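Asks: Before anything else, here's the structure in question.
The values are calculated or read from the model by the stated rules, or taken from the named source; none is laboratory data. What you see is a predicted model, and the numbers here were worked out from it, not measured in a lab. Ideal geometry is used to build each Cβ from the backbone, glycine not excepted, and the neighbour counts take in all protein chains shown. These accessible areas exclude ligands, DNA and RNA; they are computed on the full protein's heavy atoms, side chains included. Shrake-Rupley method; radii C 1.70, N 1.55, O 1.52, S 1.80 Å.
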Amino acid sequence: MSETLDILIFGAHADDAEIGMGATIAKHTKSELKVGLCDLTYAEMSSNGTVETRLEEAELAASILGVKVRTNLGLPDRGLVATQANIERITQEIRKFKPRIVFAPYWQDRHPDHVACSGLVQEAVFNAKLRKYLPDSEPVNVEQLYFYFINDVYEADLMVDVTDYYDDKIASLSAYRSQFITGQGTVATPLNQGYIERVEARDRVLGQKRLLKYAEGFVSKLPFVVDRFV
């Protein structure tokens with residue numbers, strides 16, 4: 001029987017979650033919350049690195065961030081289409097870990113796989129609560145679905161102060177040497193041309209809106225509920 005998680009984060013590829021919310025992950029794991037990562041693909045279409053290398057890097061990054069579990073569904077890279085089989089796989093992952101909160105990439109991004117991942121997870125979160133959908137597994141009602149930014153940034157609904165955990169984010173990204181570091185045999189991509197520095201600049205700019213050193217932004221499709229404003 002799988003361990004129940006407080007938070008389950010989906011990404012199309014290993015490093016998506018770290019780019020978008022690595023410091024937020026560290027902040028929650030260091031508060032003793034149980035966080036899991038699920039990569040939909042092995043990123044086998046990546047210009048640099050191998051599947052084996054990327055799996056090793058993903059495990060190292062997960063260890064740095066203190067996540068409880070990291071899984072990979074092995075769906076086809078650049079083949080994340082909205083088939084019933086793909087939606088079922090993601091739905092079963094949600095039912096397996098019974099998270100209170102799920103995160104997915106924001107639904108607009110320059111990488112089509114990030115957009116597809118967002119749509120698939122939204123479908124799966126909805127289906128996970130239906131008693132008659134895949135009736136051999138127990139339905140799960142996710143309390144909240146949030147979206148994180150990867151390449152393209154839009155207006156955030158909320159931000160998390162991650163100033164004290166930002167070193168963990170940088171360390172987790174640095175674990176992906178095949179993606180972010182140039183070396184012998186690598187080809188130039190947007191990821192190894194100062195990408196980590198641009199992510200850091202983005203998180204600084206967002207934090208500045210509330211006089212924070214670093215912040216990570218998120219979006220919710222549902223309105224937030226408050227008892228009162230003061």
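Asks: Mind pulling up the Rg/Rh value for segment 9-93? Radius of gyration and Kirkwood radius, both on Cα. Walk me through the intermediate numbers first.
Replies: Details: Rg = 13.1 Å, Rh = 13.3 Å.
We get a ratio of 0.98 for segment 9-93.
Asks: If each of Y195 and E44 carries a label point 7 Å out from its Cα toward its Cβ, how far apart are those two points in nm?
Replies: For the pair Y195/E44, the computed spacing is 2.0 nm.
Asks: When you count, for each residue, the other Cβ atoms within 10 Å and take the mean per peptide, how do 218-228, 20-30, 157-167 rank with the highest first?
Replies: Details: 218-228: 9.3, 20-30: 24.5, 157-167: 17.1.
Highest to lowest by the protection proxy: 20-30, 157-167, 218-228.
Asks: While we're looking at this one, here's another question. Subtract the Cα-Cα distance of S31 and S2 from 0.36 nm times their separation in residues, and report this length gain in nm to one decimal. Mind showing how you got there, number by number?
Replies: Numbers: separation 29, 0.36 × 29 = 10.44 nm, distance 2.10 nm.
Value of the extension gain: 8.3 nm.
Asks: What value, in deg cm²/dmol to 500, does the helix sum -39500 (n - 2.57) over DSSP H runs of n ≥ 4 give at 222 nm once divided by the residues of the chain? List each step's numbers first, then the result.
Replies: On the way: 7 runs with 87 residues, N = 230.
Using -39500 (n - 2.57) per qualifying helix, the result is -12000 deg cm²/dmol.
Asks: Quick one: of K96/K221; K27/K209; K27/K132; K30/K132, which pairs are farther than 26 Å apart, Cα to Cα? Before the final figure, lay out each step's value.
Replies: On the way: K96/K221 24 Å; K27/K209 20 Å; K27/K132 37 Å; K30/K132 37 Å.
Over 26 Å Cα-Cα: K27/K132; K30/K132.
Asks: Something else: Order the following by accessible area, largest value first: F126, F10, F229. Probe radius 1.4 Å; ligands, DNA and RNA are ignored. Don't skip to the end; give the middle numbers.
Replies: Values: F126 115, F10 0, F229 195 Å².
Largest accessible area first, the residues go F229, F126, F10.
Asks: Could I ask something else about it? Could you point to the residue in Y146, M45, L120 farthest towards the positive end of the chain's charge dipole, with +1 and -1 charges on the Cβ of Lys/Arg and Asp/Glu respectively?
Replies: Y146
Asks: Name the trypsin sites (Lys or Arg not before Pro) in segment 128-179 that are in a loop by DSSP and that have at most 15 other C-beta atoms within 10 Å, would you? Display every interim value, and only then the final one.
Replies: Details: sites: K129, R131, K132, K169, R177; in loops: K129, R131, K132.
Passing both the DSSP loop test and the Cβ count: K129, R131, K132.
Asks: Pick from Y42, Y133, Y214: which residue has the top mean-square fluctuation in a GNM of the chain where Cα pairs under 10 Å get a spring?
Replies: In this elastic network of the chain, the residue with the biggest mean-square fluctuation among Y42, Y133, Y214 is Y133.
Asks: Which of rounded, prolate or oblate describes segment 73-155 when judged by the alpha-carbon gyration tensor and an a/c cut-off of 1.5?
Replies: On the way: a/c = 2.61, a/b = 1.49, b/c = 1.75.
It comes out oblate by the Cα gyration axes.
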